Amino acid sequence: MWKIGLTGSIATGKTTALRAFADLGVPVFSSDEAVHALYRGEAAAAIERLFPGVTRDGAVDRAALARRLLEEPGRLKEVEAVVHPLVRNQIAYFFKAAEGRGESLAVADIPLLYEGGFDFGLDAVVVTVVDEDIQRQRALKRPGMTVEKLDAILARQMPQAEKGRRATYVLDTAGPVEKNRQRIRALVDELRARPQGN
């Protein structure tokens, strides 16, 4: 089975690409969704211990946590030390379960794949990229996003060009969504035609 990592900087089209894989019947895993679920459950108490007052009704208030991290950016690693191992375990289980079902490929969206330095045992990596002006326009349309917050996020992320150099496949998402969906369909067809690990 092909274990595919999907990554890219903020607002480069990862979520749309992941949805396109899912629409083609490919099993997908969203790290963002996993983190949101952990904030509502398993990770909430540990985050509250680190940042008293950032939980509401037993769940992490993401806006409150973001404000605290903007004030104390050096403490992001403390949050990552709680959340990242839990997400990595879920990704490992996701791939194992997909392989056990006999899937030909599975895709995990891992936003900080290169920055995290963890070896997920991937067979290939798809990186989404887009012109930086488009990236900023997209990101700043997001609810609660500010220039300061975006700059802080981008400062923690590897430059798009470097991610592109490390990628197995690069997907420029500046064009029409349907064109990108066609590229993903062609990639899925290619990978299904040459099974990995069989």
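The values are calculated or read from the model by the stated rules, or taken from the named source; none is laboratory data. Keep in mind the model is a prediction, meaning the values are calculated, not measured. With ideal geometry, Cβ positions are generated from the backbone for all residues, glycine too; neighbour counts draw on all protein chains shown.
Consider GLY100 carefully, then state whether it is free of Cβ contacts under 8 Å to residues at least 24 places away in the same chain, out of contact with any helix residue (DSSP H, G or I) (no Cβ under 6 Å at 6 or more places or on another chain) and under 29 Å from ASP189 (Cβ atoms).
So GLY100 passes the test.
What are the residue pairs meeting all of these: first residue in segment 105-119, first residue among the β-branched types (Val, Ile, Thr), second residue modelled with pLDDT of 95 or more, Cβ atoms under 6 Å, and 6 or more apart or on different chains?
Between residues of segment 105-119 that are among the β-branched types (Val, Ile, Thr) and residues that are modelled with pLDDT of 95 or more, the close pairs are VAL107/ILE4; VAL107/LEU6; VAL107/PHE21; VAL107/VAL26; VAL107/VAL28; ILE110/GLY5; ILE110/THR7; ILE110/SER31.
Determine, yes or no, whether ILE10 is of a type outside the set (Ser, Thr, Tyr), out of contact with any Ser or Thr (no Cβ under 9 Å at 6 or more places or on another chain) and within 22 Å of MET158 (Cβ to Cβ). Can you show your working first?
Details: of a type outside the set (Ser, Thr, Tyr): yes; out of contact with any Ser or Thr (no Cβ under 9 Å at 6 or more places or on another chain): yes; within 22 Å of MET158 (Cβ to Cβ): yes.
Considered against the rule, which asks whether it is of a type outside the set (Ser, Thr, Tyr), out of contact with any Ser or Thr (no Cβ under 9 Å at 6 or more places or on another chain) and within 22 Å of MET158 (Cβ to Cβ), ILE10 comes out as yes.
Which one is nearest to the chain's Cα centre (by Cα), of the residues in segment 170-198 that are in a helix (DSSP H, G or I) and acidic (Asp, Glu)?
Of segment 170-198, the ones in a helix (DSSP H, G or I) are 177-193.
Checking the rest, the ones that are also acidic (Asp, Glu) come to 178, 189-190.
Working: GLU178: 21, ASP189: 23, GLU190: 23 Å.
The qualifying residue nearest to the chain's Cα centre (by Cα) is GLU178.
Quick one: would you say ASP119 is under 27 Å from ALA66 (Cα atoms) and surrounded by fewer than 17 Cβ atoms within 10 Å (Cβ to Cβ)? Don't jump to the end; show me each part of the working.
Details: under 27 Å from ALA66 (Cα atoms): no; surrounded by fewer than 17 Cβ atoms within 10 Å (Cβ to Cβ): yes.
Here the answer is no, as ASP119 does not meet what is asked.
In segment 37-60, which residues are assigned to a helix (DSSP H, G or I) and not hydroxyl-bearing (Ser, Thr, Tyr)?
The initial filter retains those residues of segment 37-60 that are assigned to a helix (DSSP H, G or I), namely 37-40, 44-50.
Selection gives ALA37, LEU38, ARG40, ALA44, ALA45, ALA46, ILE47, GLU48, ARG49, LEU50.
Among the listed residues LYS179, LYS149, LYS163, which satisfies the condition of being under 16 Å from THR12 (Cβ atoms) and surrounded by 16 or more Cβ atoms within 10 Å (Cβ to Cβ)? Talk me through it step by step, then tell me what you get.
Values: LYS179 fails: surrounded by 16 or more Cβ atoms within 10 Å (Cβ to Cβ); LYS149 fails: under 16 Å from THR12 (Cβ atoms).
None of the others qualify; the one that does is LYS163.
What pairs come up if the first residue lies in segment 156-176 and is touching a residue at least 12 places away in the same chain (Cβ under 8 Å) and aliphatic (A, V, I, L, M), the second is in a loop (DSSP other than H, G, I, E, B) and surrounded by 12 or more Cβ atoms within 10 Å (Cβ to Cβ), and their beta carbons are under 8 Å apart, counting only those six or more places apart or on different chains?
Filtered contacts from segment 156-176: MET158/SER9; LEU171/GLY13; ALA174/VAL130; ALA174/ASP131.
From the list ALA63, ALA22, ALA34, ALA17, which one is surrounded by fewer than 17 Cβ atoms within 10 Å (Cβ to Cβ), outside any loop (DSSP other than H, G, I, E, B) and modelled with pLDDT of 95 or more?
Numbers: ALA63 fails: modelled with pLDDT of 95 or more; ALA34 fails: surrounded by fewer than 17 Cβ atoms within 10 Å (Cβ to Cβ); ALA17 fails: surrounded by fewer than 17 Cβ atoms within 10 Å (Cβ to Cβ).
Every option except ALA22 fails the conditions.
With closer than 29 Å to VAL83 by Cα, surrounded by 15 or more Cβ atoms within 10 Å (Cβ to Cβ) and in contact with a Phe, Trp or Tyr (Cβ under 9 Å, 6 or more places away or on another chain) as the only criterion, which of ALA108, ALA139 stands out?
ALA108
Give me the pairs, please: first residue somewhere in segment 81-97 and under 15 Å from LYS3 (Cβ atoms), second residue anywhere and surrounded by fewer than 17 Cβ atoms within 10 Å (Cβ to Cβ), beta-carbon distance under 7 Å, and either six or more positions apart or on two chains.
Going by the 7 Å Cβ cut-off, the qualifying pairs are ARG88/PHE118; ILE91/PHE120.
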